[in-house]
Amino acid sequence: MSGAKKSTAGGTAGAGDSGGAGGGGCVLVVKAVPNSPRNEVAGRVGEAWKIKIHAAPEAGKANKELVAFVSEKLGCPRGAVEVLTGAAAREKRLRVAGLALAEVEARLSAR
């Protein structure tokens, strides 16, 4: 959508700890794959995390399920994860409050 899709560190390394306003947190780049057989973390695609979501991409259902799934995987409340950019795109930037990027990536890799 916008031309600045992957500028400034691609979202994982540089955007990490500066993403949370004051209370710690990070910005996570995700490539969402809707209409998948099940919800799962499918590894990395470049600097983004590929996350398969069962819900269809209509009326915000896939975004809602993505936020719920990521928050469950990270062990944090749903309110700690929000879609910052890319609500209508497969590549999204998620804000994760209260966790540093290294911790988020470790939790996504562990499961």
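None of the figures in this text is laboratory data; all of them are computed from the coordinates on show. All values derive from a computational prediction rather than experimental measurement. Cβ coordinates were reconstructed from backbone atoms using ideal geometry, including for glycine residues, and neighbour counts include every protein chain displayed.
From the P(r) of the stretch 27-110, could you give the percentage of C-alpha pairs in the tail past 15 Å?
Numbers: 1776 of 3486 pairs.
That tail contains 51 percent of the Cα-Cα pairs.
Order of 72-78, 50-56, 91-97 by packing, highest average Cβ count within 10 Å first?
Details: 72-78: 14.4, 50-56: 18.4, 91-97: 20.9.
Result, highest mean Cβ count within 10 Å first: 91-97, 50-56, 72-78.
Read phi for every residue in the stretch 67-74 and hand back ³J(HN,Hα) as whole Hz from Karplus 6.51 cos²θ - 1.76 cosθ + 1.60, θ = phi - 60°, with x for Gly and Pro.
4, 5, 5, 5, 5, 5, 4, 8
If contacts are Cα pairs under 8 angstrom and at least 6 residues apart, what is the relative contact order of the stretch 27-110 in percent? Please list the in-between numbers first.
Details: 146 pairs, mean separation 24.7, N = 84.
Over the stretch 27-110, the number comes to 29 percent.
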